[in-house]
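Asker: Before we start, here is the structure in question, set down as structure tokens.
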Amino acid sequence: MMSKIYYGTCAGVKDAYEISQIEANVAGNDRVFERVREVLHPGMSEIDLWGVVYHAMVENAGAPITLEADLGAGPRSSNPSVKPGHEKLCAGDAVLVDIYSATHGYYADTTRVFSLGKRPKSSVSFMMF
């Protein structure tokens, strides 16, 4: 089966091999998100969580990688280009994890937002783009 991938006005058709590479990357990203879910806890720093993400992606790749992704918690999670810092994760925080992996030139870009428990009643419930 072939899927059409559209980029603006340019279209490309992926063959079965290309689709399998993209699907493998998506599956690997899903494994990374499972690992994040397992270790995420209040008091952990963003940079420590970044290390977990990196380690899980290296396990998937079977070799060292260059990790360029976005990760931030609390108010910083509303910035889609946030880079991890030394801020500590707090109960009630939203935690943004945006990763993209590549195999043989085929990419999978996936994002998840995790919640560290219940959102405080005092927090504001809207997003602005």
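The values are calculated or read from the model by the stated rules, or taken from the named source; none is laboratory data. What you see is a predicted model; the values in this text were computed from it and never measured. Ideal geometry is used to build each Cβ from the backbone, glycine not excepted, and the neighbour counts take in all protein chains shown.
Asker: So, in region 1-30, exactly how many residues are modelled with pLDDT under 95 and either among the charged types (D, E, K, R) or part of a helix (DSSP H, G or I) (or both)?
Answerer: 17
Asker: Given the criterion under 13 Å from ARG112 (Cα atoms), of a type outside the set (S, T, N, Q) and either in contact (Cβ under 8 Å) with a residue 40 or more places away in the chain or surrounded by 14 or more Cβ atoms within 10 Å (Cβ to Cβ) (or both), identify the matching residue among ARG76, ARG35.
Answerer: Of ARG76, ARG35, the one residue that is under 13 Å from ARG112 (Cα atoms), of a type outside the set (S, T, N, Q) and either in contact (Cβ under 8 Å) with a residue 40 or more places away in the chain or surrounded by 14 or more Cβ atoms within 10 Å (Cβ to Cβ) (or both) is ARG35.
Asker: Restricting the first residue to region 89-102 and requiring it to be of a type in the set (D, E, K, R), which pairs with a second residue that is at pLDDT 95 or above and surrounded by 21 or more Cβ atoms within 10 Å (Cβ to Cβ) meet a Cβ separation below 7 Å and a spacing of at least six or different chains?
Answerer: Here the result reads ASP93/ALA73, each pair linking region 89-102 to a residue that is at pLDDT 95 or above and surrounded by 21 or more Cβ atoms within 10 Å (Cβ to Cβ).
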